[in-house]
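**Student:** Handing you this structure, nothing more for now.
The values are calculated or read from the model by the stated rules, or taken from the named source; none is laboratory data. Since this is a predicted model, take the numbers as computed values, not measurements. FYI the Cβ positions are ideal-geometry reconstructions off the backbone, even for glycines, and counts take in every protein chain you see. Just so you know, the surface numbers come from the protein's heavy atoms only, side chains and all, with ligands and any DNA or RNA stripped out. Shrake-Rupley method; radii C 1.70, N 1.55, O 1.52, S 1.80 Å.
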Amino acid sequence: MAELVWDEGMSVGIDSLDNDHKQLITILAQLMSAKNDKLEKDGIDSIFEQLEYYCQSHFAKEEALLAKIDYQQLADHKKSHQIFIKKIPVLKQQWFDDVSEQEVVKEQIILFLQQWLIKHILEEDLDYVPAIHCHQEFSRYKKNKDAKHRWLRFFSVKLSQHLILSHRVLITTLLPVATVLILCLFILKEHNQRYQNISMVLGLNVVIEEVNELSHSLQAERGLSIGYTSSNYKNFIDQLSERRKITDEKVKGFLWLLEQSGSAKVKNNLSEYMITIQKSVTNLTRHRMNLDQKTVIFEDTYYAYTQLIDQLLSISDSLIHIEISSSYANDISAINALLRYKEFMGQIRAMGMKMIENNQENIYSNSNMSLLLGQQTNTLRIFSNAANKAQLLSCGEYCNAITQHKQLELSYLKTMLPTDKSARAASWFKVMSVKVDNLNAILDKLINEFDKKIFTKSVALKAEGYLMIFALSLFLLAAIFFALVLNYSIISPVRKLTYALNDMSAGQNNIHFKRIANNDEIGSMQLAFEKMRRKLLQGDVYKATVSQQQQEIKYRKSQQDHFQQLALTDALTGAVNRHHFNEVLDQEIANVNNHGSPLSIMLLDIDHFKVVNDSYGHGVGDEVLVLFYQTCLEAVRSSDVVARIGGEEFVIVMPNTELVNARKFAERLREKIAKLEINIAEKQMSVTVSIGVSQWKSDSFINAETFVAHADKSLYQAKNSGRNKVVVA
C-alpha cells in the first residue's frame, strides 16, 4: 500500500489546521510502519492514543473556529467528528482481534484512515475554509472601517438584499444618465417656452400691424368727423364718407384676423380683447348714425373714436408682459411708444380743428392741448430710452420733442392766417395728416423689421430645439449603449465564473478561462478560480492513486481467496476435496464430542463408472461427475458438506442427523440420481449410485479414519449385493 504524504495541494491556507493535518499524516505513516515492522501491542496502543488525542485537539480547534463565524453546518460537522472519535477504539480492537486475516484487516484499517483523512481535508475542511477566510477579511475590514461610512454600509447591504448585481450595475450607470436627461428636459422645456413666447410675439405682431393700419384709419376718420361737426356739418362730408368705407374694410379685416389666428395662445390672450373691440365697434356704428343725424357734439365724437383707438393700441401692452429677451422687449416698448406718439399726434390734429373753430390764436392756449403735448413729450422720452440706433435713425426729426413742438406751433400759426374757418380747418387737417402719415410709415417700417427679426429668431429657436432633441437622443442612445456594455462587461464574466464553478462542483475540472480579464477584481476572481481548479486536479490525481491502490488490494484479496478456494475444493466438480474433507470431518467430530449432537455420513460411488469412461470417453465421464455433484448439492442442506474423495467416489457429511434420517435421505437421493437423463451424442443415458451410511459413535470409533472405513464397508456391501442400493452399517 502506498504511503500517504503531505502535498501543498492539500493545504487549506490556515497554518494551524495544516499543521494538524501534517501531524495526522505522520501518525498514519507510523501506523503503516508498525504493521510492516510487526510492532508490539504497547507500541500500537501508543500510536492509536496519539491519533485519538490529535484528532480531538484538531476537532476542538475546528469547532471553535466554526462557532466563532457562526457556520451553518456546524452541527453536522460536530456529528462527523464524534462518529470518527468513536470509531478509533473500534479500529484499534480490530487490529488485534482477527488473527487469521490480520494482515488484510490492518491494510483495510490503514486504507480507511487514509481515505477518511483525505475526505476530511479535501472535502469537509475545504467547505468551511472559505467561510473562515471571508470572516477574517470582513473582521479586518470592519476593524479598519468601523468608524467610517457606517450609513453607507447599512444602505449598501439593504440595497444588495433587494437588487441583484446586474440591476445595481445598470442603475449605477443609468442614474447619471437619468439625471442629465432630466436636466436636459428642463432645458428643453425652457427652450420650448422661449419658442412659444417668440411665436406668441410673432402672432401678436401680425395683429399689431393690422392695429396700426386700423388705428391710422380711425385717427383720420376722427379728424374728419371733428371737422365735420365743427363746421356745422357742412365741410369734410365727402372725405368722411370715403374714409368710413376704408375704416369698415379695415375693421372687417382686423376681426377676421383675430378669428383666424392659428395660435391657441394668441387667441386665448386676445379673447377678452376681441369682445371689448367688438363692443366698441358696435358703439362706433351707433355714434356714426347719431353723427349723420347731427345729434352729437365734439366731445362725444372725440371720446368715441379715442376710446376705440386706445383699446386697439392696448394689445401692444400685452407684448410687454411676455417673457422674452431684453432687446426684443425694448423693440416692443419702442414700437408701443411710437404707436402712442402717433395717437397723440392724431388727437392733436382733432383738438386743433376744434381750436380753429373757436378762433384760439395760440396752440398752447388750450389746456387739453397742452396736456396732449406733455403726454407726447413723455412718450418720445420712452421711445428714446427703448429704441436702438437704427430705430432712432428711422424716426429722425419726428422723434425730437423740441423740434416737433416748434413745428406744431409754427404750423398752427400759419393755419390761422386765412380768415375763412373752413380753409383754416382744411389746411390744419392736411398739415397734420402728413405728419401722421409719415409717422405711420415709420411705424410700418419698424413693425416689419421687428417682424423679420422675430421670425428669424423663431426659426433659429425651432432649429435649435430640433438640434437639442437630436443631440439628446444621440446622447441617450450612447449612454444606454454604454450602460449595457458596462453591465455586460461586469455581469458576463461573473456569470461565466458562476457557470464554471457550478460545472466544477459537478466534477468537471477541465474548464478554464482562455483569456484572463484585466488586472481588476474580476481578473483576480478568475485567477483564484484557476488556482482552485488546479488544486482540485491535484486532489483528483491523489484520489486516483488511492483508488488504484484500493483496486490493487481488492485484486490481491480476490486472488488470495481464489487460491484459497482452489486449495479447498475439487478442481473439476467444485466439491470439497479430500484434504479439506478431513479437516471438516475432524471439526464436526469434535463438535459431536463437545456438544453430543448426532453426526452421520454417507459414501457414494457411481455404479459402473469405468464403463462410462470406456464407452464415451473421459470427457463425458467428467460431465457425469459434475452433474452428479450438482444433483447432490441441490439435495443437501446448507449445513451439509459434499466432498469428492476419489475418482467417482463422494462423501456427504450431515451434522445433527440421526442414522434413520440419513438413510431416508440416502434413499431419496439414490432415486433422484437414478432418474437423471444424460444426453450424450443425441442419445440418453442414466447412472445409478451405491451408498453406504454410518453414524458416529464415540465408543465405537477411534477417529475419523475408522468412521469413514465403517461407512465404506456398507458401500462395499451395497456394490456386492447388486449396486443401486443403500446399505446402513
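**Student:** What FRET efficiency, computed as 1/(1 + (r/R0)^6) with R0 = 30 Å and r the Cβ-Cβ distance, is obtained for Q56 and S524, rounded to the nearest 0.05? Spell out each step's value before the answer.
**Tutor:** On the way: r = 38 Å, r/R0 = 1.27.
After rounding, the FRET efficiency stands at 0.20.
**Student:** Another one. Relative contact order, percent, of the chain when contacts are C-alpha pairs under 8 Å separated by at least 6 residues? Write down the numbers at each step before the final one.
**Tutor:** Details: 673 pairs, mean separation 73.4, N = 729.
Relative CO of the chain lands at 10 percent.
**Student:** Within the chain, what is the longest stretch that has no trypsin sites (Lys or Arg not before Pro) placed in a DSSP loop and near at most 16 other beta-carbon atoms within 10 Å?
**Tutor:** 295-513
**Student:** Share of the chain's accessible area from carbon and sulfur, percent, 1.4 Å? Could the numbers behind the result be given before it?
**Tutor:** Working: 22060 of 40200 Å².
It is 55 percent, rounded to a whole number.
**Student:** Could you calculate the contour length gain from R534 to N385, that is, 0.36 nm times the residue separation minus the distance between their Cα atoms, to one decimal place in nm?
**Tutor:** Working: separation 149, 0.36 × 149 = 53.64 nm, distance 8.81 nm.
Result: 44.8 nm gained on full extension.
**Student:** Name the shape class, rounded, prolate or oblate, that the alpha-carbon gyration tensor gives for region 171-234, where a ≥ b ≥ c are the square roots of its eigenvalues, rounded holds for a/c under 1.5, and otherwise prolate holds if a/b is larger than b/c and oblate otherwise.
**Tutor:** Values: a/c = 14.62, a/b = 8.69, b/c = 1.68.
The shape class here is prolate.
**Student:** Also, I was wondering about something else. Expressed as a whole percent, how much of the Cα-Cα distance distribution for region 332-417 exceeds 16 Å? Don't skip to the end; give the middle numbers.
**Tutor:** Values: 1856 of 3655 pairs.
Result for the distance tail: 51 percent.
**Student:** Same structure, new question: For K78, what is the net charge nearby, where nearby means another residue's Cβ is under 10 Å from its Cβ and Lys, Arg count +1, Asp, Glu -1?
**Tutor:** Values: positive: K79; negative: E62, E63, D76.
Net local charge, K78 excluded: -2.
**Student:** Please go through region 646-729 and write out the GluC sites (Glu not before Pro) that DSSP classes as loop and that have at most 12 other C-beta atoms within 10 Å.
**Tutor:** Answer in residue order: E677, E682.
**Student:** No other cysteine beta carbon under 4.7 Å away is the test; run it over the chain and list who passes.
**Tutor:** C55, C134, C184, C632
**Student:** Please state, rounded to one decimal and in Å, the Kirkwood hydrodynamic radius that the chain gives when every pair of distinct Cα atoms enters the mean of 1/r.
**Tutor:** Roughly 40.7 Å, rounded to one decimal.
**Student:** Continuing with the same structure: Mind checking which aspartates and glutamates have their Cα closer than 20 Å to the Cα of K41? Skip sequence neighbours fewer than 8 apart in that chain.
**Tutor:** Candidates past the 8-residue exclusion: E49, E52, D97, D98, E101, E103, E107.
**Student:** On to the next question. In square angstrom, what is the accessible area per residue of the chain with a 1.4 angstrom probe? Don't jump to the answer; show the numbers that get you there.
**Tutor:** Working: 40200 Å² over 729 residues.
Solvent-accessible surface per residue comes out at 55 Å².
**Student:** Can you list the aspartates and glutamates whose alpha carbon is less than 19 Å from that of K457, not counting same-chain residues fewer than 8 positions off?
**Tutor:** Output for K457: E190, E209, E323, D331, E449.
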